[in-house]
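S.K.: Have a look at this one.
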Amino acid sequence: MALLPILEFPDPRLRTKAAPVDPAEVTTPGFQTLLDDMFQTMYDAPGIGLAASQVDVHKRFMVIDISEEKNLPQVFINPEITAHDGGQVYQEGCLSVPGIFADVTRADTITVRYLDRQGQSQELTTGGLLAVCIQHEMDHLEGKLFIDYLSPLKREMVRKKLAKQRKHVA
Ligand code: GNR
Ligand code: NI
């Protein structure tokens, strides 16, 4: 297994629209190893989700584990939201926008169709944090970041804060 480098804003590669995964690829050793590497990278970070786009793989899938014990890994391949209801506000963060947290409004309940890591078609209706996380990861697959929902003024504050953080690291 391997830790993968996570792309950080404003890397233009985070703006790539990801292409569908060929279902025949899902069960190949190469794809299964990539899933394991993404889980290891996500747990190490630590984070509750990781989209392939964040590790410079521009295909439509992500790994998620919102459990306390970090023992409920979930894989969503070629996800499609087929229904959504209501709204919820959650303070989001992103491994690609480190140190920044902001409220984002998203659907409260979603139904998502996807392939699991065995390549089997699944449908899940869920709410709360898992629904937030799925929507956040699906945005990555479209090249979208949670800070895109902020007002121009707040986004400018984020850009300055990140530039300052980087200056201190450098
Ligand atoms: O680790 C993460 N936490 C989080 C918190 C609130 C809303 C979304 C997330 S996803 C984030 C990991 C990440 O950047 N996934 O793309
Ligand atoms: Ni993110």
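S.K.: Going by a ≥ b ≥ c, the root eigenvalues of the Cα gyration tensor, does segment 2-83 fall in the rounded group (a/c under 1.5), the prolate group (a/b larger than b/c) or the oblate group? Could you put the intermediate results ahead of the total?
M.R.: On the way: a/c = 1.30, a/b = 1.07, b/c = 1.22.
Rounded, because the longest to shortest axis ratio a/c is under 1.5.
S.K.: Follow-up question, since we're still on this one. Rounded to a whole number, what % of the accessible area of segment 35-170 do carbon and sulfur atoms account for, probe 1.4 Å?
M.R.: The value for segment 35-170 is 51 percent carbon and sulfur by accessible area.
S.K.: Residues with amide H under 5 Å of Ile100's amide H, sequence separation 5 or more or different chain, H placed in the peptide plane at 1.01 Å from N; which?
M.R.: Those lying under 5 Å, H to H, from Ile100 are Cys94.
S.K.: Rounded to the nearest angstrom and ordered from largest down, what semi-axes does the equivalent ellipsoid of segment 16-170 get from its C-alpha gyration tensor (root of 5λ)? Don't jump to the answer; show the numbers that get you there.
M.R.: Values: eigenvalues 137, 74, 40 Å².
Over the Cα atoms of segment 16-170, the semi-axes work out to 26, 19, 14 Å.
S.K.: Find the all-direction average of the projected area of the Cα convex hull for segment 1-45, expressing the result in square nanometres with one decimal place.
M.R.: 3.8 nm²
S.K.: Each residue of segment 15-23 in order: what ³J(HN,Hα) in whole Hz does its phi give by Karplus 6.51 cos²θ - 1.76 cosθ + 1.60, θ = phi - 60°, with x for Gly and Pro?
M.R.: 8, 6, 7, 7, 9, x, 7, 5, x
S.K.: Same structure, new question: If each of Leu3 and Thr109 carries a label point 7 Å out from its Cα toward its Cβ, how far apart are those two points in nm?
M.R.: Once both label points are built, they end up 4.1 nm from each other.
S.K.: Same structure, new question: Compute the distance in nm between two label points, each set 7 Å from the Cα along the Cα-to-Cβ direction, one at Leu129 and one at Arg155.
M.R.: Distance between label points: 2.9 nm.
S.K.: Could you sort Lys70, Lys167 by accessible area so the largest value comes first, with the probe set to 1.4 Å?
M.R.: Largest accessible area first, the residues go Lys167, Lys70.
The values are calculated or read from the model by the stated rules, or taken from the named source; none is laboratory data. Small disclaimer: the values here were computed from a predicted structure and weren't measured. Quick reminder, even Gly has a Cβ in these numbers, built from the backbone with ideal geometry, and neighbours come from all protein chains shown. Remember, those area values only see protein heavy atoms, side chains included, never the ligands or the DNA or RNA. Shrake-Rupley method; radii C 1.70, N 1.55, O 1.52, S 1.80 Å.
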